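Presented below is the structure to which this report refers.
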Amino acid sequence: MIDKLDNLAGLVRTPLFGILLTLASYRFALWVYGRSNSLPLFHPFLVASIPVIIVLPLVGVDYEEYRDQTTLISFLLGPATVALAWPLYRQLHTVRSVLTPILIATVLGGFISAAIAVGLAWWLGAPAEVVGSLAPKSITTPIAVEVVQSTGGYVSLAAGAVAITGIVGALAAGPIFRLLKVTDHRIKGFALGLVAHAIGTARAFEYGEKAGAFAGLALGLCGLVTALALPWLWPWVAQYL
């Protein structure tokens, strides 16, 4: 019995534990989401975090150790983002017809998203490191983690801000679309990808492949624009913080 407990305690300290916990939590979240008839409040990303939050303290695993255990999953975020190019390729003819509005919306949307986060944090008196962590909140996690290093922010806070932004965007999208009477799946998808990055893109695919393709396009373009512009502009912004 003691040997079995020792083996179990040893398993908790291995990457296998973190990966299995993550996959099991996500599978549970998918079940809950399906049973709720895809109610945004029960989005898998939101629900999947609950078992993880509960289990980790019970087994004595802190966040840093869990993050190290799930490095493989974090690494796969990059290839998963690149894979979004396939549905985009299938909608390439549609994208070409609205290329100019897409580019304008990307630049304006990326600038406004970062400006609101920076301005609000600065107005509330947040330290420069916190402001720098919130600036890339509307781009996908792999890119935000790299960008935040140039703004002097905290990686963990940036990742949390990205997650919260995605969840709020996915939850708010439906009511906002109904309020504004938005029916075009291209607009729905692009808005979700631009504001709510990967989580919004997953939500966009529920509207259809066209919405998912435009969400993936917005996710990639916004990430690219932010990754290029924010490190260049940040020294000028930082002197006012």
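The values are calculated or read from the model by the stated rules, or taken from the named source; none is laboratory data. As the structure is a computational prediction, the values presented were derived from the model and not from experiment. Note that each Cβ is placed from the backbone with ideal geometry, even for glycine, and that neighbours are counted across all protein chains shown. For the accessible areas, the whole protein counts, side chains as well, though only heavy atoms, and no ligand, DNA or RNA atoms are used. Shrake-Rupley method; radii C 1.70, N 1.55, O 1.52, S 1.80 Å.
Here are a few things to note about the model shown:
- Using the Karplus relation 6.51 cos²θ - 1.76 cosθ + 1.60 with θ = phi - 60°, the per-residue 3J(HN,Hα) values for segment 150-162 come to 7, 9, x, x, 9, 4, 5, 5, 4, 4, x, 5, 4 Hz, with x marking Gly and Pro.
- Unit charges on C-beta of K, R, D, E only; dipole of the chain, Debye: 960 debye
- Charge dipole (segment 1-137, unit charges on Cβ, about Cα centre) - positive-most of 30, 120, 56: 30
- Using a probe radius of 1.4 angstrom, the carbon and sulfur fraction of the accessible surface of the chain is 73%.
- Here the gap between residue 146 and residue 68, fully extended at 0.36 nm per residue and compared with their Cα-Cα distance, gives a gain of 26.4 nm.
- Rounded to the nearest whole Hz, the Karplus-based 3J(HN,Hα) values (6.51 cos²θ - 1.76 cosθ + 1.60, θ = phi - 60°) of segment 182-188 follow the sequence 7, 10, 6, 5, 5, 5, 4, with x at glycine and proline.
- 3J(HN,Hα) from dihedral phi, segment 48-56, Karplus parametrisation 6.51/-1.76/1.60, rounded to Hz, x for glycine, proline: 5, 6, 5, x, 5, 4, 6, 6, 4
- The solvent-accessible area of residue 97, taken with every protein chain present and a 1.4 Å probe, is close to 90 Å².
- Highest mean first, the peptides 13-20, 61-68 sorted by other C-beta atoms within 10 Å per residue fall in the order 13-20, 61-68.
- For segment 83-241, the solvent-accessible area of protein heavy atoms averages 51 Å² per residue (probe radius 1.4 Å; ligands and nucleic acids excluded).
- Gained length - residue 154 relative to residue 104, 0.36 nm times residue gap less alpha-carbon distance: 15.0 nm
- Taking a ≥ b ≥ c as the square roots of the eigenvalues of the Cα gyration tensor, segment 93-153 is classed as oblate, since a/c reaches at least 1.5 and a/b does not exceed b/c.
- Cut-off 12 Å between beta-carbons: net charge of the residues surrounding residue 192, Lys and Arg +1, Asp and Glu -1: +2
- Tensor-based shape of segment 89-222 (alpha-carbon gyration tensor, a/c under 1.5 rounded, otherwise prolate or oblate): prolate
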